[in-house]
Structures are given as C-alpha cells and as structure tokens.
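Peer 1: Sharing a structure below in structure tokens format, with a few things to ask.
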Amino acid sequence: MTMTLPLGKIPIDILKGVVFRNLGAKRNEVLLGPTAGIDGAVLDLGDKSLIVSMDPITAAVERIGWEAVNVNANDVATFGVEPQFLVSCLMFPESSSRETVETITSQMDKAAKALNMAIIGGHCETTPGLANPIVVGCVMGLTEKGKYVTARGAKAGDKLILTKSAGIEGTAILASDRAPQLTRVFGAEMLNDARRFYNQISVVKDALVAYRTGGVNAMHDPTEGGVLGGIHEMADASNMGVRVYEDKITVEPETSQICKYFEIDPLQLIGSGALLIAAKSEHAGIIVENLAKEKIFAAVIGEVSGNVNKRLLIQRDGTIRELPRPVSDHLWLALKE
C-alpha cells in the first residue's frame, strides 16, 4: 500500500534516499550541495563564495510577499553572509486580480529594500488548481572565499543559543489567517499584538551580529518543525547530540495562548524569526550581550554533545525525555481546523 506524505517538509529518510540520489551532474564549483539540516548551497567563484538558498511560502496568505523575502534572506544570513539578491517565482490562483499581484509584489519590494536586497528577476503566472498564491524565492549572497559558517559546524561543548522566542512565524500566520475565529476567543487587541510578530521574522541582524562577534561554529533558523525541528536539523548536519532545557526557551504569551487553543506545541510551530547559534562556550556570553545591545533578546538554551544518539529535552518539571522530532509542523494541524 502506498503511503501519502505528511504536510510540509519531506521526511528525512525520503530526502536522503530519493531526493539526494537525483542531483544531476557533479561540478567542481559546488563546495556544499544538498545536505540534511543545511538550507543553502555554497559555490566557489574564485576569490568569492556564493551562498544560495531557496524556500516557498505556501501556508501564509496575508503577508506572503513579506515572508517570502525575509524567510529566504534568513537562510543566507545563517551562513554569516549578507543576503543581496533575490529571484522569485510567483504563482497566482485563477481568481486573482491586478490588485493581488500589486499587494504581493509591493510587500516584496518593501521587505527587500529594508534589507538592501535587489530583486533581480523571476517568473509570474496564473496557475490552475491553486486555492492561494504561492511565492518561491531564491536568495544569494557573496562573501570573501571561505568566510562563512554552516549548520554542520556545531562541536561538542558548544553552547546552544536561541534568539527571540519559539513559534514566531506560526503565531503571526494563525493570528492573521484565522483572525475571525481567534478574535471571538481572545479579542482584537491580543490578535493585533500577535499579528505584529511578522515584524520579528527577519534574523539577518541576529545572524550578522553573532557571526561578527566571533566564536560561532554553526547557525540555523528554525522554520518548519519549529525550535525542536531546527535543533534536530542542526544536530543532523553536525552529527552531534544535544541537551536542551525547556524552561530556557522563551514562549511569548500570544504564542502560548494560540497554541493552547489549537492544542499544538509552540516548540513544534514554524519558527522563522528565531535563530539557533552553536557557539564556543567562552564566546556565548559576549554573543548574548552584543545581541542585547542591538535590542535582540537571546538566551543559552542548552549545549551540544558528542553523542549523536543522545538528544535530550530537560522538561520544566525536571524530567528528562528524548528530544521530540516533529513529523509535521504543528501549523498544519491548526490550519486543518
């Protein structure tokens, strides 16, 4: 019997066993190609390295253009590299109007200008069978040769730092796309506060401040699967274990209330806006301090261990369990209702 795939990211076993076995020709310019837990490629351009990453935005509706720019820019920034160029593919439902196109592209323009990025090309079309628009983005950033980090650089003994809080993007999406339903429960003021989480989506400043401070071995932004998914992806890429303290992970009240209503886990809710940093123990404090100077909250939430089979979550009550690995992002569970 053929089994259907879960919503969201392809399971890691299929990614490794199917997708990664079909990658076309090998080229010497590719220093880093498709790798589990790493959201970008690295190309050798002589005295420069080019970082390239791609992501679609499918679940958000209200701020889809804004998200498409920022989520893709985040992936390049986690290499410690400034995102500079964006190529996009915009697909619109048959019911779309000129105003729909203008809304999404103006959001992209505003977001790209805020990050000093150029939108250099792409494709726009009306696509049969779509219920909502889809925006696929590809962001690139140039840096001096070898001047970057990847998600696979975490080392035993590193401190694991998280900026901001869990479930930022998911909170904003649910507050926007389920507004009528949630307003009846929580009121307009709380929902407006939750919608403003969109303003926290970018981790470009987080990543560049941390990288330039020094001592960073790896960075990764927790998108689908939330904070827990992001930690697993970094650990997968680095072939490491982790020890994570649940009470050190910040969950804002708006996120907590919305997740409680939908009966979902904020730590497994799509988390763009937060940044995971694996840093040398002696540098962790100054990284947190420098982020604070830029008004970016950050905290040490755990440490990296050398035992890849030991990924532990110390819960709020002190009990220890295996770190949950999300099967599907909990946003999809909420959107089903």
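Peer 1: Does segment 276-337 classify as rounded, prolate or oblate by the C-alpha gyration tensor (a ≥ b ≥ c root eigenvalues; a/c under 1.5 gives rounded; else a/b over b/c gives prolate, otherwise oblate)?
Peer 2: Cα axes put segment 276-337 in the oblate bin.
Peer 1: Work out how much length Glu94 to Val185 would gain on full extension: take 0.36 nm times their residue separation and subtract the Cα-Cα distance, in nm to one decimal.
Peer 2: Additional length available on full extension: 29.4 nm.
Peer 1: Next question, about the same structure. Over the chain, what per residue volume does the convex hull of the Cα atoms give, in whole Å³?
Peer 2: Convex hull of Cα atoms, per residue: 157 Å³.
Peer 1: Taking Lys310 as the anchor, which aspartates and glutamates have their alpha carbon closer than 13 Å to its alpha carbon, excluding any fewer than eight residues away along the same chain?
Peer 2: Asp236, Glu322
Peer 1: Take every DSSP beta bridge whose two residues both sit in the chain, then give the antiparallel share in percent to the nearest 5.
Peer 2: The antiparallel proportion sits near 75 percent.
Peer 1: Which trypsin sites (Lys or Arg not before Pro) from segment 1-59 combine a DSSP loop assignment with at most 15 other Cβ atoms within 10 Å?
Peer 2: Lys26, Arg27
Peer 1: Further question: Cut-off is 10 Å between beta-carbons; in what order do Ser53, Ser281, Ser328 appear when sorted fewest neighbours first?
Peer 2: Lowest count first: Ser281, Ser328, Ser53.
Peer 1: Would you mind ranking Val42, Val101 by Cβ crowding within 10 Å, fewest neighbours first?
Peer 2: In order of increasing Cβ crowding within 10 Å: Val101, Val42.
Peer 1: Tell me which lysines have Cα within less than 23 Å of Lys260's Cα, excluding those fewer than 8 residues away on the same chain?
Peer 2: Output for Lys260: Lys164, Lys248, Lys336.
Peer 1: Please compute the contact order of the chain in relative form: average sequence separation of alpha-carbon pairs under 8 Å and at least six residues apart, divided by the residue count, as a percent.
Peer 2: 22
Peer 1: Quickly estimate the mean residue ellipticity at 222 nm for the chain, helices only: each DSSP H run with n ≥ 4 gives -39500 (n - 2.57), and the total goes over all residues, rounded to 500.
Peer 2: -10000 deg cm²/dmol
Peer 1: Now for a different question. How would segment 26-144 be classified by its alpha-carbon gyration tensor: rounded, prolate or oblate, with rounded meaning a/c under 1.5 and the a/b versus b/c comparison settling the rest?
Peer 2: Because a/c hits 1.5 or more and a/b exceeds b/c, segment 26-144 counts as prolate.
Coordinate-derived values only; no laboratory data. The structure displayed is predicted, hence computed values, not measured ones. As a convention, Cβ positions derive from the backbone with ideal geometry for all residues, glycine included, and neighbour counts pool all protein chains shown.
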